[in-house]
Amino acid sequence: PVLDCHTAHIACKFAELVEKIDRRSGKKLEDNPKFVKSGDSAIVKMVPSKPMCVEAYTDYPPLGRFAVRDMRQTVAVGVIKAVEKVDKATKATKAAVKAGKK
């Protein structure tokens, strides 16, 4: 699947389904669900294949919204609750390399 956040389109993996939550109340329904169906709400841990610039929705809403697309169809939309910053030497996007040279 591809994670679309602001202008970035980067492949990602669903690392973990943390919990399934009620859409209306936000209360936890199930820990570590095996799957989520269409219409379900969940908190998931996603890992992008390349570094990307995002923020938690509460800190900066424009960089905290995302959509997940697979085969050109939107399969999920949501907000970023938290960001785990990993300082690791990975291949950066062309735009990031170009911006770093300025």
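At a glance:
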item: Residue match in the stretch 71-78 (condition: without any contact (Cβ under 8 Å) to a residue 12 or more places away in the chain and touching an Asp or Glu at 6+ places or on another chain (Cβ under 6 Å)); result: no
item: Test for Val2: is it on the phi < 0 side of the Ramachandran plot and at pLDDT 95 or above; result: yes
item: The stretch 29-49 residues that are touching a residue at least 24 places away in the same chain (Cβ under 8 Å), paired with ones that are charged (D, E, K, R) and in a strand (DSSP E or B) (beta carbon under 8 Å, 6 or more apart); result: Ala42/Glu19; Ala42/Lys20; Ile43/Glu19; Val44/Glu16; Lys45/Glu16; Met46/Lys13; Val47/Lys13; Ser49/Lys13
item: Given (1) closer than 28 Å to Asp87 by Cβ; (2) polar (S, T, N, Q); (3) more than 12 Å from the chain's Cα centre (by Cα), index of the condition Ser38 fails; result: (1)
item: Candidate set: the stretch 10-22, residues that are within 18 Å of the chain's Cα centre (by Cα) and more than 20 Å from Val54 (Cβ to Cβ); chosen: the one surrounded by the most Cβ atoms within 10 Å (Cβ to Cβ); result: Lys20
item: Filter result (at pLDDT below 95, of a type in the set (Phe, Trp, Tyr) and either surrounded by 13 or more Cβ atoms within 10 Å (Cβ to Cβ) or assigned to a helix (DSSP H, G or I) (or both)) within the stretch 44-74; result: none
item: Some residue of the stretch 11-23 being at positive phi and without any contact (Cβ under 8 Å) to a residue 24 or more places away in the chain; result: no
item: Residue match in the stretch 24-39 (condition: over 16 Å from Pro1 (Cα atoms), part of a loop (DSSP other than H, G, I, E, B) and of a type in the set (Val, Ile, Thr)); result: no
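The values are calculated or read from the model by the stated rules, or taken from the named source; none is laboratory data. All of these numbers come straight from a predicted model, not from anything done at the bench. Glycine also receives a Cβ, built like all others from the backbone with ideal geometry; neighbour counts cover every protein chain displayed.
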